[in-house]
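Data first, discussion second: the structure below is written as C-alpha cells.
The values are calculated or read from the model by the stated rules, or taken from the named source; none is laboratory data. Note that this is a predicted model, so its numbers are computed, not measured. So basically every Cβ, Gly included, is an ideal-geometry build from the backbone, and we count neighbours across all protein chains shown.
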Amino acid sequence: MFCEQCEQTASGQGCHQWGACGKSPEVNAVQDLLIYLLRGLAPVAIRANQLSISTQEIDRFTCEAIFATMTNVNFDQHRFTDYIRRAIAYRENLKNQIEQATGATENWSTISCFEPDFEDSLSAQGEDIALKFISQSGANVDIFSLKLTVLYGIKGVASYAFHAQEMGQEDDRIYQFCYEALAALERQDLTLDDWLKLALKVGEINLRTMELLDAGHTGTFGHPVPTPVPLNAKVGKAILVSGHDIPQLEAVLKQTMNKGINVYTHGELLPAHGYPHLKQNYPHFYGHYGTAWQNQTKDFAKFPGAIIITTNCLMPPHENYQNKLFSLGPVGYPGLNSIPNGPDGMPDFSPAINKALELPGFTEATEPRQVTTGFARNAVLSVADRVIEAVKAGQIRHFFLVGGCDGAKPDRNYYTELVEKVPSDCVVLTLACGKFRFFDQNLGDIGGIPRLLDVGQCNDAYSAIQIAIALANAFNVGVNELPLSMILSWYEQKAIAVLLTLLYLGIQDIRLGPTLPAFLSPNVLKLLSDTYHIKPITTPDEDLAACLAKV
Ligand code: SF4
Ligand code: SF3
C-alpha cells in the first residue's frame, strides 16, 4: 500500500505496511480503486453536462464517495465495493443517456470504460491501479506532488460540498470543477505551472464551497451567538453526537424530544451550541463531552450513553464501546451499527435512542465547568467598532489565528504552549478541533472583548476568512498588513482544501505544523515558501517573537 494523504503518515513519508490511522492495505487499495472509477466517471459527467443531461444524483454521490476516502471516515471494504458498483452503474447509465441524446457512439477513454473483475480481489486490482498512477506520474516528482495536492484538496472540497448539500446549498460550478480536476489527473500533458494553477483553483472553488456551507448553517440555524456550553455532566440518559454534521445533530434532537435524554456534542460539534435555532428549540440540547477526535477511544468508552458519529473523525472503535456506537452517511467500520433511513428517506435514529434508554446515562452530576463558543463572523463583526478602537488605542497589539486539526502526536503541544504564551494584549481566534488543546483556558478579556474567540468548526473557515477581510477593510489595508498571524495545524484533507483557499487569497506567512505535508516535494515546497512565505512551525517562543515583530 501507499498513502500519504494525512499528517500522521508513517515516519512522515507514507504508510506502506498499514495505515497509522488504522486503515488496512486492503481498504486503502479499494479506496484507490474507487477514486480511479470516479476519475473515469468524471469525463462522462462533464460530457453529460455539456448536453444538459442532469447529473444531480451523481454529483451528490461523487462527493459522498470521495468523502468516504478521506482520513478517518470509512474503514469498511464492503462499503467501498458498493460505492464502486454504484459508480459503474451511474457511469454506464449516463453513457446511455448521452448516446441517446447525440444519436452517436462516443469514443470513451480506457479509464471511462474500466470495470474491475468483481469475482477477483478488488484490493489486488486497486493496488495495481495505484502502482500505475504512481509510475505514470512519478517520473516528474514535482508534478506528482501537485497532482496529489489537487486530489487531496478535492477530497476536502467534496466533503464540504457534501455538508453544504445536506442543507440544500449546491452550486453546479463546484461539481463541474470536481469533475474537471478528477479528469485532469489522467492527463500527461500539463506542466508544473498548469498544476500549480489547478491547485490554486481548488482553493478558489473551496472558498465558494465554504461560502455555501456558511449560508447553509446560518440560513438554517441562524448566526451563531456567544453561548456558554456546560462541560460537566447532568444526571440523566444521554446521547453523544460527534463529527461535523449539524443537520444530523438536529435530526437527533428532534427524535429525542420529550424522551428524557440529554444530548451532548463531541469534537467538532461543540460550535453547534452557538446556533440560536438549536438552543431555542431543543431544551435537552445540553452540553459538550470530551475533546478532540484522537481521544475518542477514552471518551467514548467512558460515556454512559449511546454515541452517534456523523462524519469525520472516526477511529477504529474499541470493543468496549463498539456496541453503543452508531455511524451514518459516508462513515463506516466493519461491524459497526449503522443508522438506517426511515420511510421518509431521513435517518431513523431509533436504534441509538433505544440504546441510550437501555444504558444508565449519567447517574451523578459532575462539577460545573463551561466554555463559550459562537464567535463566528456575525458575532465578532457586531463588535468590530470596539475591536478597531482597541487596536487603535494600543490595547490589542496582535491577533493570532491558531486553528486547524488536532492529532495524536506529542509535538502538537506546541499549540497549547503557544496560546499560553500569547501576551496579554493579544487576541486568539481559533477554529476546528485543534482548539481542544486550549479551549477551556481562561485567557480573560481586553475591555470586554474575550481574548480567546472560538469561531467554530473547520467547516467555518469561511467565517474566519470573512472576519480577517472585514478587519482589513476597516483598517484600509490588505489582510497581510493586518497585525494578524496564522498559525495552523493540519491533519486531514479538509485542512488541505482550506490551506489552498488561503494561498488562493494570497495570504502570506502562514505557519504550518506540526509537520509539513509529506506529499509536497522539496521543489514544490520551495515554490510555496518563495511565493507565499509559508513556513513550518518552530518553537512557540521563536514563532511568537517573529509574529510580534511584524507589528
Ligand atoms: Fe497513513 Fe494517513 Fe493514509 Fe491513514 S490516511 S494510511 S495514516 S497517510
Ligand atoms: Fe478535526 Fe478530524 Fe481536521 Fe474538522 S475532526 S478539523 S481532524
query: So which residues in region 410-436 are assigned to a loop (DSSP other than H, G, I, E, B) and surrounded by fewer than 16 Cβ atoms within 10 Å (Cβ to Cβ), if there are any at all?
result: Pro423, Ser424, Asp425
task: Considering every residue within region 266-278, establish whether at least one is outside any loop (DSSP other than H, G, I, E, B), hydroxyl-bearing (Ser, Thr, Tyr) and either without any contact (Cβ under 8 Å) to a residue 24 or more places away in the chain or on the phi < 0 side of the Ramachandran plot (or both).
output: no
One residue from Ser350, Ser382 being surrounded by fewer than 15 Cβ atoms within 10 Å (Cβ to Cβ) and touching a helix residue (DSSP H, G or I) at 6+ places or on another chain (Cβ under 8 Å): Ser350
- request: Tell me the helices (runs of 4 or more DSSP H) entirely within region 172-256 that contain at least 2 residues that are within 30 Å of Ala356 (Cα to Cα).
  value: 192-221, 246-255
message: Tally up the residues in region 437-487 that are surrounded by fewer than 23 Cβ atoms within 10 Å (Cβ to Cβ) and not in a helix (DSSP H, G or I), please.
response: 21
field: Members of region 12-47 found to be outside any loop (DSSP other than H, G, I, E, B) and of a type outside the set (A, V, I, L, M, F, W, C), listed by number
entry: Gly12, Pro25, Glu26, Asn28, Gln31, Asp32, Tyr36, Arg39, Gly40, Pro43, Arg47
task: Scan (1) more than 16 Å from ligand 2 (Cβ to nearest atom); (2) at pLDDT 95 or above for the single condition Gly22 breaks and write down its number.
output: (1)
- line: (1) touching a residue at least 40 places away in the same chain (Cβ under 8 Å); (2) away from ligand 2 (no atom under 16 Å from the Cβ) all hold for Ala461 apart from (2)
- prompt: Among Leu503, Leu544, which is the only one that is assigned to a helix (DSSP H, G or I), within 27 Å of Thr9 (Cβ to Cβ) and touching a residue at least 60 places away in the same chain (Cβ under 8 Å)?
  reply: Leu503
message: Take Gly168 and tell me if it is among the small types (Gly, Ala, Ser) and buried (at least 23 other Cβ atoms within 10 Å of the Cβ).
response: no
message: Cβ-Cβ distance below 6 Å, separation of 6 or more or different chains: which pairs start in region 5-25 with a residue that is closer than 18 Å to Val73 by Cα and end on one that is among the small types (Gly, Ala, Ser) and more than 16 Å from ligand 2 (Cβ to nearest atom)?
response: Thr9/Ala518; Ala20/Ala10
task: Looking only at region 61-71, decide whether some residue is touching a strand residue (DSSP E or B) at 6+ places or on another chain (Cβ under 7 Å), touching a residue at least 40 places away in the same chain (Cβ under 8 Å) and at negative phi.
output: yes
task: Just give me the residues in region 48-74 being of a type in the set (Asp, Glu) and either assigned to a loop (DSSP other than H, G, I, E, B) or under 17 Å from Ile154 (Cβ atoms) (or both), in sequence order.
output: Asp59, Glu64
query: Can you find even one residue in region 81-89 that is among the aromatic types (Phe, Trp, Tyr), modelled with pLDDT of 95 or more and farther than 24 Å from Ala184 by Cα?
result: no
query: If you go through region 493-514 one residue at a time, do you hit one that is touching a Phe, Trp or Tyr at 6+ places or on another chain (Cβ under 6 Å), within 16 Å of ligand 2 (Cβ to nearest atom) and modelled with pLDDT of 95 or more?
result: yes
task: May I ask you to verify whether Thr416 is closer than 30 Å to Lys259 by Cβ and hydroxyl-bearing (Ser, Thr, Tyr)?
output: no
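To keep it simple, each residue is scored yes or no on (1) aliphatic (A, V, I, L, M); (2) within 16 Å of ligand 2 (Cβ to nearest atom).
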position	(1), (2)
Cys6	no, yes
Ile35	yes, no
Ala89	yes, no
Pro116	no, no
